[in-house]
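This report refers to the structure that appears directly beneath it.
The values are calculated or read from the model by the stated rules, or taken from the named source; none is laboratory data. Computed from a prediction, not measured in an experiment: that's the story for all the values here. A quick note on method: Cβ atoms are made from the backbone with ideal geometry, for glycine too, and the neighbour counts reach across all protein chains shown.
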Amino acid sequence: MSWDDGKHTKVKRVQLTFDDVIRSIEVEYDGASVKSHPRGTVGTKSDGFTLSPDEYITEVNGYTKTVFSGDVITALTFKTNKKTYGTYGNKSRFYFSLNAPKDKQIIGFLGDSTNALNSIDAHFGPLPPPPDGTETKPGTDDTGGNHDGGSNTKPGTDTKPGTDGSGTNTDSSPQKVEPQGGKGGNQWDDGADHDGVTKIHVTYGVGIEQIRFDYVKSGQPKEGTFHGVRGNRSFTYTIDVNHPDEYLLSVKGSYDSSNIIQGIQFKTNTKTSDYIGYDDVSTSSSSVTPPSPSPLPPNKSEAQGGNYGETFDDGAFDHVRKVYVGQGDSGVAYLKLEYEKGGEKETREHGKITLLGIEEFKVDSDDYITSMDVYVDKIVGYKSDIVTALAFKTFKGKTSHPFGITTERKYEIKDAKGGKLAGFHGYASDVLYAIGAYFAPTTN
């Protein structure tokens with residue numbers, strides 16, 4: 001169920017319940033002490049925090065995972081202008097971040113919830129006016145559940161990393177390297193008067209959309225500013241740098257004919273980050289010998305259904321153009337997939353054709369499949385569960401009817417990062433016993 005708390009002066013208090021996932025959120029706002037209804041259902045653990053009068057939320061980070069009923073949020077962290085509250089819940093695979101623009105705060109929440117919190121978004125507004133009197137201290141954590149953040153500890157002594165002994169530059173002043181990529185947009189410069197970088201936040205969707213660096217300056221943490229504009233279908237990747245023992249050595253990236261950075265990668269003295277975004281035609285680097293970056297690998301979803309039959313795995317392609325579904329006496333008996341890779345058509349077939357007919361689902365050239373509903377049942381005479389029906393939905397809203405016999409056991413297979421379905425895998429012989437999918441990043 002969708003909900004929207006609307007816009008308020010500021011957030012006053014947040015209360016959460018959770019177990020293995022975030023079950024509910026309840027927010028109290030300033031103004032007339034407006035209190036929202038609990039969003040979701042009550043979990044086994046409860047925790048929350050109350051903000052001081054001059055404290056406001058600037059950022060919410062979280063993790064999601066996909067279960068049989070859809071996406072659920074498993075953990076949330078709240079960051080204010082004074083401290084961090086959380087993490088509440090359990091971190092999982094997929095990370096997201098809601099960041100207020102510069103000189104703005106979060107003034108309301110909206111999202112979806114069922115028996116858990118499925119999604120969350122935010123309204124942004126101007127900063128609250130300063131309260132009367134002297135500055136107050138940060139707010140307090142409520143007692144209750146377990147969380148691994150919120151201690152607001154400060155870093156240790158101001159120890160700077162030593163040199164790595166390579167290179168010929170003996171000048172101790174910072175050296176400024178020319179920017180690589182396109183010439184458009186607004187110029188930005190964080191300066192070089194920091195002790196080191198502690199975190200890098202990269203938001204990617206249609207190319208690299210935003211980037212932010214957090215620093216240590218004079219032994220104190222300093223939050224940077226997001227550069228760029230976040231799109232509607234984007235994701236944030238965060239790289240932690242363990243200052244002072246770890247420090248950045250190089251950055252590598254690629255850009256296309258639009259002169260927009262498409263992918264980026266960072267290397268420290270201890271590790272190399274994943275390649276964030278997409279590889280493209282032109283590649284630039286601030287290091288001497290950059291490796292060849294590769295695009296993010298496709299995500300492989302778990303196959304839903306039984307565990308009998310012969311294994312098939314088509315891998316991931318550039319596009320899925322057509323899906324043919326053939327019926328059997330009790331469920332789906334045949335699957336034919338028409339893929340495209342490098343401009344060439346490739347076809348894969350699984351299962352067994354019967355006399356009961358084949359139905360076709362065609363995907364337009366400017367569209368792609370975003371999710372698949374898999375109906376499963378236990379049928380007498382088969383050695384495990386079988387797939388009884390399939391249904392597909394595309395990015396542009398095209399939805400198929402269920403091909404086959406629907407049952408109460410339905411699984412939705414989709415990508416938590418909003419990727420496109422790019423291939424199938426599963427089990428099949430005389431019928432389709434199970435099916436899963438590959439999801440690849442998309443710039444749509």
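The residue list Thr388, Thr399, Thr407, Thr394 contains one member that is under 30 Å from Thr203 (Cβ atoms), crowded, with 16+ Cβ neighbours inside 10 Å and either in the same structural domain as Val320 (by TED's automatic domain parsing) or acidic (Asp, Glu) (or both), which is Thr394.
If a residue has to be in a strand (DSSP E or B) and touching an Asp or Glu at 6+ places or on another chain (Cβ under 7 Å) to count, how many in region 362-381 make the cut?
Count: 4.
I'd like the residue in region 299-347 that is touching a residue at least 24 places away in the same chain (Cβ under 8 Å) and among the acidic types (Asp, Glu) and, out of all such residues, is surrounded by the most Cβ atoms within 10 Å (Cβ to Cβ). So, considering only residues that are touching a residue at least 24 places away in the same chain (Cβ under 8 Å) and among the acidic types (Asp, Glu), the one surrounded by the most Cβ atoms within 10 Å (Cβ to Cβ) is Asp314. In region 286-338, the qualifying residues are those that are hydroxyl-bearing (Ser, Thr, Tyr) and more than 18 Å from Gly423 (Cβ to Cβ), and the one that is modelled with the lowest pLDDT is Thr289.
Scanning region 44-67 for residues that are among the hydroxyl-bearing types (Ser, Thr, Tyr) and under 26 Å from Gly224 (Cβ atoms) yields Ser52, Tyr56, Thr58, Tyr63, Thr64.
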